[in-house]
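Take a look at the structure set out below.
What follows draws every value from the coordinates through simple rules; no lab data is involved. These numbers were taken from a predicted model, which means no experiment stands behind them. No Cβ is skipped: glycine too gets one built from the backbone with ideal geometry, and neighbour counts run over all protein chains shown.
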């Protein structure tokens, strides 16, 4: 069963990774935003889903050969076929983009199976085609060589590191145009609710700034009149 209630899954689709990192920072979590991981293309929807993980270790020539990819039990191939719908396939590539973590055909298959997205701190091959799918995909940079050149697929659905962030199976992974943030499963609902409230206030602040107001007393709301004005704005805007 998911740790995230359906209403909060929808709330996460409407908040930014920047707001989420602040909500997590309030809880003492400083290392939640993946470093060096960015969207493959533009125009994909927001990514929200539970983490389903793959761990790579460095390749070894006697074990990692192209013919091995035909084995249905190969962890990379098995992961593509078993990642549950609504989950994000997160790949620990050790930050090594010298060979691809996956390619266009595998990402397309993952999309057709109903996954919520795919993330690696390595690279994808066929990146122009992946970027055109309209499917949430994040990597460090394009990488044409096959995965077996540098990566050995070791195991599925175990704790991993990706972009310098710990990712445990079932954690909530959120991606937007800025990047990817990881929310521990146990606090995902409360973080979603708080981030939703924070977003409403930030929208109010932005509207005031665009009207020429100073941020002093407004952001943060140290002037009591700010919260009164926010309540009125929220009622008027139906937020």
Can you give me the convex hull volume of the Cα atoms of the stretch 191-237, divided per residue and expressed in Å³?
74 Å³
What are the equivalent ellipsoid semi-axes of the stretch 1-125, built from the alpha-carbon gyration tensor (square roots of five times its eigenvalues), in whole angstrom, biggest first?
28, 17, 13
I'd like to compare 217-229, 92-104: which one has the highest average count of other Cβ atoms within 10 Å, and what's the full order after that?
92-104, 217-229
Rounded to the nearest 500 deg cm²/dmol, what is the calculated helix-only ellipticity per residue at 222 nm for the chain, with -39500 (n - 2.57) per DSSP H run of length n ≥ 4?
-9500 deg cm²/dmol
Pulled fully out, how much extra length does the chain show between residue 26 and residue 228, if you take 0.36 nm times their separation in residues and subtract their Cα-Cα distance?
70.4 nm
Rounded to whole Å, give me the distance from the Cα center of the stretch 65-115 to that of the stretch 192-221.
41 Å
Using the count of nearby Cβ atoms within 10 Å as a rough guide to exposure, how do 196, 151 rank from fewest to most?
196, 151
Anyone know which of 132, 44, 185 comes out most mobile in the 10 Å Cα GNM of the chain?
132
Which of these, 91, 172, 80, has the largest mean-square fluctuation under a Gaussian network model of the chain (Cα springs below 10 Å)?
80
GNM, the chain, Cα, under 10 Å: largest mean-square fluctuation among 216, 88, 107?
216
